[in-house]
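The values are calculated or read from the model by the stated rules, or taken from the named source; none is laboratory data. The structure presented is a predicted model; accordingly, all values stated were derived computationally and were not measured. Quick reminder, even Gly has a Cβ in these numbers, built from the backbone with ideal geometry, and neighbours come from all protein chains shown.
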Ligand code: PMP
């Protein structure tokens, strides 16, 4: 059962505009996706009708907001197939989720000489918090290398695992190259080694049906704004028995059971990790984004995205001066490339003049750029509202750019 793409596109008001007198072509979805009207309306409805602080009010609005917030937590739990809503911690986004885990995991489990494994493909958000932690604890950061195509070298990964490996932190999908990592295998190998695993799901959550029980990952992080939801909200999933053992990240209201100057005790899960007034409006927006994805069917969205990626890849392969960066066996939604002799920034600027939004640079993934021997790429990242006609315009615009630069 497919979806009608025109009806799908019509739900995104921002896509109706023109940029530089051209209809907008938005190919920057790995940075953030656009928002459908139902997400925008949900946030507006909260502020219009029941804005109130939650969990501590006895009055009507506070109770209504609390109920809505906790119902959204259940929607997130169902969406990623967690076993309990206690396993769903609301954060500011993927970066915040990983920093929370790096702090709390580090304080609880990491000792001098222990090791953490990341990969060469990671976004800076899944490198720097671990680096900071390793510095603090005198632990060691180990790195899974990739091959020239951008696939992780699993043999090398196996060799890195040892009795000091406490945690493996890898992305589900690479934001820079689009590589879909074999996370189930990575998790399985880690568990056989008695190591825990965090999956950075920032680039997977809008494209792949995520089942944390089936993956058996210990932690999973993602951002709402990359899955049609609002910015400023994200999730850290963690297995309940692990979250229960972890030290809290931030202190403040909400995260405590009782406070005295002699001794403070912490609240139960998930509140132990949610200090301060939460972002209620955007949690409700995230719930609307989940409903939106479920209404359309994530598999249907993936079919459209794959068609566009395959079409773009085959059209780009026909252009002489194009070099595609990242040719992994399994890719999701990202076409990273260079044009011989033209700086990526210049390409991005010319494309913008023709109404086409792409990203240029290192995509917050300097190590993988270095591995590929480049400074950056031009990245087109797709969503289900992108069409083959847009790819045709993109290809024409690339030819024009090449002509202009000679
Ligand atoms: N990890 C990956 C793979 C990403 O693509 C991103 C966003 N570009 C992040 C982490 C960070 O997400 P956020 O900025 O929403 O915290």
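One table, with the values for the structure above:
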quantity	calculated
Any hit, segment 168-175, residues being surrounded by 24 or more Cβ atoms within 10 Å (Cβ to Cβ), within 11 Å of the ligand (Cβ to nearest atom), without any contact (Cβ under 8 Å) to a residue 40 or more places away in the chain and in a strand (DSSP E or B)	no
Residue check for residue 302: buried (at least 16 other Cβ atoms within 10 Å of the Cβ), in the same structural domain as residue 372 (by TED's automatic domain parsing) and farther than 30 Å from residue 81 by Cβ	no
Of all residues in segment 353-364 being touching a residue at least 24 places away in the same chain (Cβ under 8 Å) and touching a strand residue (DSSP E or B) at 6+ places or on another chain (Cβ under 7 Å), the one that is surrounded by the fewest Cβ atoms within 10 Å (Cβ to Cβ)	357
Selection within segment 78-93 - within 16 Å of the ligand (Cβ to nearest atom) and assigned to a loop (DSSP other than H, G, I, E, B)	92, 93
Pick from segment 121-136, criterion assigned to a helix (DSSP H, G or I) and within 13 Å of the ligand (Cβ to nearest atom), ranking: nearest to residue 200 (Cα to Cα)	126
Residue 367 free of Cβ contacts under 8 Å to residues at least 40 places away in the same chain, under 30 Å from residue 229 (Cβ atoms) and either buried (at least 16 other Cβ atoms within 10 Å of the Cβ) or not assigned by TED's automatic domain parsing to the domain that holds residue 397 (or both)	no
Within segment 48-57, tally of residues that are at pLDDT 95 or above and in contact with a helix residue (DSSP H, G or I) (Cβ under 6 Å, 6 or more places away or on another chain)	3
Candidate set: segment 220-244, residues that are assigned to a helix (DSSP H, G or I) and within 16 Å of the ligand (Cβ to nearest atom); chosen: the one nearest to the chain's Cα centre (by Cα)	226
Residue match in segment 318-339 (condition: surrounded by fewer than 16 Cβ atoms within 10 Å (Cβ to Cβ), on the phi < 0 side of the Ramachandran plot and in a helix (DSSP H, G or I))	no
Number of the exception - residue 46 against (1) away from the ligand (no atom under 16 Å from the Cβ); (2) assigned to a helix (DSSP H, G or I); (3) surrounded by fewer than 21 Cβ atoms within 10 Å (Cβ to Cβ)	(3)
Residue that is nearest to the ligand (Cβ to nearest atom) [pool: residues in segment 208-219 that are buried (at least 24 other Cβ atoms within 10 Å of the Cβ) and assigned to a loop (DSSP other than H, G, I, E, B)]	217
Residue within segment 144-166 that is within 15 Å of the ligand (Cβ to nearest atom), surrounded by fewer than 18 Cβ atoms within 10 Å (Cβ to Cβ) and either outside the structural domain of residue 234 (by TED's automatic domain parsing) or within 26 Å of residue 333 (Cβ to Cβ) (or both) present	no
First in segment 95-113 and closer than 21 Å to residue 162 by Cβ, second anywhere and part of a helix (DSSP H, G or I) and within 16 Å of the ligand (Cβ to nearest atom), Cβ under 6 Å, 6 or more apart	102/129; 102/130
Count of residues meeting criterion [surrounded by fewer than 24 Cβ atoms within 10 Å (Cβ to Cβ) and assigned to a helix (DSSP H, G or I)] in segment 370-393	7
Residue that is surrounded by the most Cβ atoms within 10 Å (Cβ to Cβ) [pool: residues in segment 272-299 that are part of a helix (DSSP H, G or I) and out of contact with any helix residue (DSSP H, G or I) (no Cβ under 9 Å at 6 or more places or on another chain)]	298
Residue under evaluation residue 69, criteria (1) touching a residue at least 60 places away in the same chain (Cβ under 8 Å); (2) away from the ligand (no atom under 16 Å from the Cβ); (3) part of a loop (DSSP other than H, G, I, E, B), criterion not met	(3)
Single condition residue 190 does not satisfy, out of (1) away from the ligand (no atom under 14 Å from the Cβ); (2) under 18 Å from residue 143 (Cβ atoms); (3) in contact with a helix residue (DSSP H, G or I) (Cβ under 8 Å, 6 or more places away or on another chain)	(3)
